[in-house]
Amino acid sequence: MTHVVHTWRIVQPPIWALIVAAAASALSSCAVGPLPQAPSVETQGLAPSFRASMDIGPTTPPEQWWRRFNDPVLLSLIDQGLKANSDVAVATLRLRQARANLVASQGAFWPSLGASVGRSRSEGSHGLPATNLTQTSITAAYELDLFGGTRRAVTAARADRDSVAETRRSTAISVSAEIALNYVQARAATRRLELATNSLAAQADTLQLVRWRAMAGLASDVEVEQAAQLYAQTQSTLPDLRQLIDGAFNRLSTLTDATPGRIAEQLTGAADVPVAPMPEVSIPVDALRQRPDVRVAERTVVAELARVGVREAALLPALTLGGSYSGAGVNWAAATAAPTLQLTGLLAASLFRGGQDWAALESQKAAAAAAAATYRGVVHAAMEDLENALLTVRASREKAVALADADQAAQRALELARLRYQSGLIDFQSLLDTERTALTSAQSLIQSQADRATAAIRLYKALGAGGLDPTGPRVSERSDR
């Protein structure tokens, strides 16, 4: 490192200081390195529209999409989770840290100031009296951003902050979607348990009826065993359904930082599976832009490009201007009576460091290229995710409509089969087959409703809808110069 230092002991700044300041001001408008510009999804070679979006509306989904389910319990759980979830809390603290890092990087735009006051005493010798000396000093130093290294560092810090903010939003989206998915599972399992319990009661009546008919010689022992087998088979499904409910309760308690008992209280009582509103999306470019993973990858590209400029600026000379305002005397009045103004200029450049700086620059260029490649991969993966989510929504909707018709037909068939069996027009095996079909159809309908709600939730998540606005303690930020 070569240093060129000039020091003048003067009272007023000379003309050289004005010339250096003017030159530095002109140079500071320059910035080395590539322009840290965000990439766009339009340049990634995507199709102009979704293949599965022919019947999807033109508007974008609301941020708080869970309100569209019109379910106050679901709304309460998600609000509770966004406030109390530990992952969201950690992401919020990391955002606070990133904001502080940005403010720290912006501090390089300001000069550094220092002040000192000292007093010393020298004992006299050979009969000389002791002397006291008071010293005062105010110092200042400012490194000119000649080649934009500081500005690029601030740009990188700002991009890092935005990336952390999007990561926090992604965490909130995942938490809200996970709460909704487990809530739907809990409601669907509860409805299926209620349906199985009601069917079990009806099958118990059928079993009792067959036993009476067998005692009267109107039914065989085989029919009694068949009725008992159907009753036991239905009863065997209850533990699995209860386990599904308990598992969903436990997961909801973790997501909302509540006890399973409290979750059970909130979900007490029978309730239908929440109706799934149809998500609405626009063209892929608009849909992809709002995904947090795409935004994180985008801001990462900006940060890495900016750091290339930081590395290039480090290879060039650095100019630091400094000065001091000091005085000394036997007391405070004497020390401040005739102060001395001292101006310094330091020009420093790295001449040889074994290629370390150039290697660091090449490493950073590779990191920027890798970030750009990662961005492209993230965009295409997001496109795949959205396409699959749209296909799932369409398939679940069509399936739910078909199963609703099938369930109505199965329930009518069961009513007719019971009447015909009581009239002796069909055998008991036909009645049992009809009961099995009706129960299976009803269970499938409930599951299809849950699948449709799940598909809608996953599509909202794939769209990047939901999340949180930046919150928490803020610190002031300066814009780039």
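The values are calculated or read from the model by the stated rules, or taken from the named source; none is laboratory data. Here the structure is a predicted model, which is why all the values come from computation and not from measurement. When we count neighbours, we look across all protein chains shown, and the Cβ atoms used for this are built from the backbone with ideal geometry, even at glycine.
Which one of these is among the hydrophobic types (A, V, I, L, M, F, W, C) and closer than 30 Å to A276 by Cβ: F69, F109?
Going through F69, F109 in turn, just one is among the hydrophobic types (A, V, I, L, M, F, W, C) and closer than 30 Å to A276 by Cβ: F69.
Let me spell it out: the conditions are (1) over 41 Å from the mean Cα position of the chain (by Cα); (2) closer than 27 Å to L305 by Cβ; (3) buried (at least 18 other Cβ atoms within 10 Å of the Cβ), and Q364 meets all of them except one. Which number is the exception?
Single failed check for Q364: (1).
What are the pairs, 6+ residues apart or on separate chains, where a residue within the range 61-80 that is over 20 Å from L463 (Cα atoms) has its Cβ under 8 Å from a residue that is modelled with pLDDT of 90 or more and surrounded by fewer than 22 Cβ atoms within 10 Å (Cβ to Cβ)?
As it stands, the answer is Q80/D257, since those pairs meet every condition given.
Inside the range 209-249, can you point out the residues that are exposed (fewer than 14 other Cβ atoms within 10 Å of the Cβ), of a type outside the set (A, V, I, L, M), modelled with pLDDT of 85 or more and farther than 18 Å from Q429 by Cβ?
W212, S236, P239, D240, R242, Q243
Please name all residue pairs, on different chains or six or more residues apart, with Cβ atoms under 6 Å, provided the first residue is in the range 342-360 and is under 13 Å from Y142 (Cα atoms) and the second residue is in a helix (DSSP H, G or I).
Matching pairs, first to second residue: none at all.
For the range 388-396, does any single residue satisfy the condition of being buried (at least 18 other Cβ atoms within 10 Å of the Cβ) and closer than 15 Å to V273 by Cα?
Scanning the range 388-396, I find at least one residue that is buried (at least 18 other Cβ atoms within 10 Å of the Cβ) and closer than 15 Å to V273 by Cα, so the answer is yes.
Which of the residues belonging to the range 176-198 are crowded, with 22+ Cβ neighbours inside 10 Å, over 30 Å from A89 (Cα atoms) and touching a Leu at 6+ places or on another chain (Cβ under 7 Å)?
Within the range 176-198, A189, R192 qualify.
Which residue pairs have Cβ atoms closer than 7 Å, lie 6 or more positions apart in sequence or on different chains, and pair a first residue in the range 250-261 that is within 12 Å of N85 (Cβ to Cβ) with a second residue that is surrounded by fewer than 16 Cβ atoms within 10 Å (Cβ to Cβ) and aliphatic (A, V, I, L, M)?
T256/A84; D257/A84
Given the criteria within 30 Å of A297 (Cβ to Cβ) and part of a helix (DSSP H, G or I), does A410 qualify?
In short, no.
Report whether or not A98 is exposed (fewer than 13 other Cβ atoms within 10 Å of the Cβ) and within 30 Å of L144 (Cβ to Cβ).
The answer is no for A98.
Yes/no per residue for (1) over 30 Å from A264 (Cα atoms); (2) loosely packed, with under 15 Cβ neighbours inside 10 Å; (3) at pLDDT 85 or above; (4) small (G, A, S):
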position: P48; (1), (2), (3), (4): yes, yes, no, no
position: V73; (1), (2), (3), (4): no, no, yes, no
position: L77; (1), (2), (3), (4): no, no, yes, no
position: A91; (1), (2), (3), (4): no, no, yes, yes
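Kindly indicate whether L432 is in a helix (DSSP H, G or I), among the hydrophobic types (A, V, I, L, M, F, W, C) and under 30 Å from L195 (Cα atoms).
It is true that L432 is in a helix (DSSP H, G or I), among the hydrophobic types (A, V, I, L, M, F, W, C) and under 30 Å from L195 (Cα atoms).
Return yes or no: is P274 buried (at least 17 other Cβ atoms within 10 Å of the Cβ), within 25 Å of L82 (Cα to Cα) and not hydrophobic (A, V, I, L, M, F, W, C)? Show your work before the answer.
Details: buried (at least 17 other Cβ atoms within 10 Å of the Cβ): yes; within 25 Å of L82 (Cα to Cα): yes; not hydrophobic (A, V, I, L, M, F, W, C): yes.
Yes: the conditions hold for P274.
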